[in-house]
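The values are calculated or read from the model by the stated rules, or taken from the named source; none is laboratory data. Keep in mind it's a predicted model, so treat the numbers as computed, not measured. Positions of Cβ are generated from backbone atoms using ideal geometry, with glycine treated the same way; all protein chains shown enter the neighbour counts. These area figures cover heavy atoms from the full protein model, side chains too; ligands, DNA and RNA do not enter into them. Shrake-Rupley method; radii C 1.70, N 1.55, O 1.52, S 1.80 Å.
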Amino acid sequence: MQLTSKQANAMRAALAVASYSLLGMATVAIAETTPEADIPWQVDTALLYYKEDNGRVQATEPIVNFKKDYGDERVLNIKLTLDTLTGASPNGATPSSQVQAFTGPSGTLPSATQAANSTRTTHIQTMTTPSGGLTYVSVYDDTGEPVGNAEHNSAYSVPANSTPYDRSFKDTRSAIHLNWEQPIADDYKTSIGAGVSNEYDFKSLSINGALAKDLNNKNTTLSAGLSVELDSLNPVGGKPKPLSSMLANIKEGTDKKTVIDGLLGITQVINRKMIMQWNYSLSSSNGYHTDPYKLLSVVDGVTGLPQDYLYESRPDSRTRHSLFWQTKYHLNEDVIDASYRYMTDDWGIKSHTLDLRYRYELGNDAYLEPNVRFYRQTAANFYHYFLVQGQNTPQFASADPRLGQFDATTFGIKYGKILSKDNEFSVRLEKYQQKGNSSPTEAVGQLKSQNLFPDLNAFVVQFGYSFLF
């Protein structure tokens, strides 16, 4: 089973700040008198490793950014990214006091016929839900591997009193992005770019452009930007019908999504030690937003035991508004960096992000930069821990914890070392902690004793190296 583009993108968004900050860690000064033909390429490299606890998702992401200054403020950037994600991810179902079994994205379970035709010694395991309405048939060999559609890991079981994880998630993404910037008139600068991203079940094409104008002797800069992204989604086994039963295996093929992002910003030099930035961004997306691999449990209203599993359903559009503020203050040697972001959307999610950094200079060639980030969000208005059998099924519903209410904190520290005038090395360590409501008041029956929103802890280590050639 592939890691869906929704899960991969959410994970990459969580890692973006870290990896992008590495790529911007050094700008080697080049004398203005250097002939244009002799201006070297600046290369910023980063290697990021992300690992969640309890055998959950881990990611490795190398990034290389090539920057070429052609003089007269004409600059070309080429960014290459290759990342891989593996491990276990919650499938959205609730834990249960009984063993649970699930189909993979192919939507098929091995059968007794497949077992009989297999060249391996097989064992048949059946399980019927408490209502007696659903029976799962799983066929395994002596090693515990399922017999049947091995390519798609067609079935897996989850022990009693455990959060249902699909441990076959994996994905690899390759991406390239080009960007060109140059002045177009006095005090005006423009940039244009394009990118391509490819995954097993997801492809994306994007274009972007921005315009900036300097005012007040270049102490004030106004900026505006626009980007368009076209996504093609081809889920493994096909796109499931929203809110259909997992066992019904109703698939509807492929789908698309379009994302348009706009940004307005102002950067102001307050005095010779302080600079501030304010941004407003608007994002509008239309098309397929549902995660094709996420489920919801339908439970008995008294016992809380699962009676069915439905594929989730999300609205086919989303509009987000964000306000961002950042201030950098230069002390005699050190730098204080503080930022705040507020986001709200028409799904009912509101979030607050506060980021604090302090760059402490260790002489002229090294520095330490501790940081702390606080994040809080409300739940989407269609987020449900589970659905109750016999109650009206809503039009939209998801148990994805990324759409739930939670708080998160990140603590980290970065060390940077200038090796020579053209080379810099850095390493950053971060610890991420996320907590939600694990015992909601709506829990019924055996769910009252289950952990319905497990804590998430993750560790990040990043290495960066910049040089000229």
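Using the 1.4 Å probe convention, the accessible area of region 347-411 works out to 50 Å² per residue with neighbouring protein chains retained. Annotation: extensible slack from Asp422 through Trp180 equals 84.8 nm (criterion: 0.36 nm per residue apart, minus Cα-Cα distance). For the peptides 397-404, 56-63, the ranking by mean Cβ contacts within 10 Å, running from highest to lowest, is 397-404, 56-63. What is region 326-409 by shape, rounded, prolate or oblate, if you read a ≥ b ≥ c off the alpha carbon gyration tensor as root eigenvalues and call it rounded for a/c under 1.5, prolate for a/b larger than b/c, and oblate otherwise? Prolate, because a/c is 1.5 or more and a/b exceeds b/c. Computed from label points 7 Å out along Cα-Cβ, the spacing between Glu73 and Thr303 is 7.1 nm. What separates the Cα centres of region 175-238 and region 401-469 is a distance of 27 Å. Name the residue farthest towards the positive end of the dipole of region 180-292 from the options Gly225, Thr267, Ile192, assuming +1 on Cβ of Lys and Arg, -1 on Cβ of Asp and Glu, about the Cα centre. Checking the options against the dipole of region 180-292, the answer is Thr267. Net charge dipole, region 182-260: roughly 200 debye, given to the nearest 20, about the Cα centre with Cβ charges of +1 for Lys and Arg and -1 for Asp and Glu. Looking only at region 373-398, which residues have a backbone nitrogen under 20 Å from a spot 7 Å from the Cα of Thr327 in the C-beta direction? Under 20 Å, as judged by backbone N against the label point of Thr327, lie 373-375 of region 373-398. In this calculation the C-beta distance from Val196 to Asp455 is compared with R0 = 35 Å, giving a FRET efficiency of 0.40.
In region 324-469, the portion of solvent-accessible area held by carbon and sulfur atoms comes to 56 percent [1.4 Å probe, whole percent, DNA, RNA and ligands not counted]. Around the Cα centre of region 289-443, unit charges on the Cβ atoms of Lys, Arg, Asp and Glu (plus for the first two, minus for the last two) sum to a dipole of about 220 debye. Entry comment: accessible area of region 169-246 is 52 Å² per residue, from protein heavy atoms only and a probe of 1.4 Å.
With a Förster radius of 51 Å applied to the C-beta separation of Thr378 and Asp38, the computed FRET efficiency comes to 0.40. Label-to-label distance for Asp345 and Lys448 is 3.5 nm, based on points extended 7 Å past Cα in the beta-carbon direction. Does a label point 7 Å from the Cα of Val64, set along Cα-to-beta-carbon, have any residues of region 155-186 with amide nitrogen under 19 Å, and which are they? Under cut-off, by backbone N: 173-179.
Under a model in which nothing but the beta-carbon of Lys, Arg (+1) and Asp, Glu (-1) is charged, region 400-463 shows a dipole of about 220 debye around its Cα centre.
Solvent-accessible surface of region 33-95, taken per residue with a 1.4 Å probe and all protein chains present: 41 Å².
With a Cα-only, solvent-free Debye model of region 210-335, what are the log10 I(q)/I(0) values at q = 0.14, 0.18, 0.20 Å⁻¹? Each listed q maps to, in turn, -0.77, -0.98, -1.09. Compare the Cα positions of Asn451, Thr410, Val427 along the charge dipole of region 392-452 (+1 at Cβ of Lys, Arg; -1 at Cβ of Asp, Glu; about the Cα centre) and return the one farthest towards the positive end. Of Asn451, Thr410, Val427, it is Val427.
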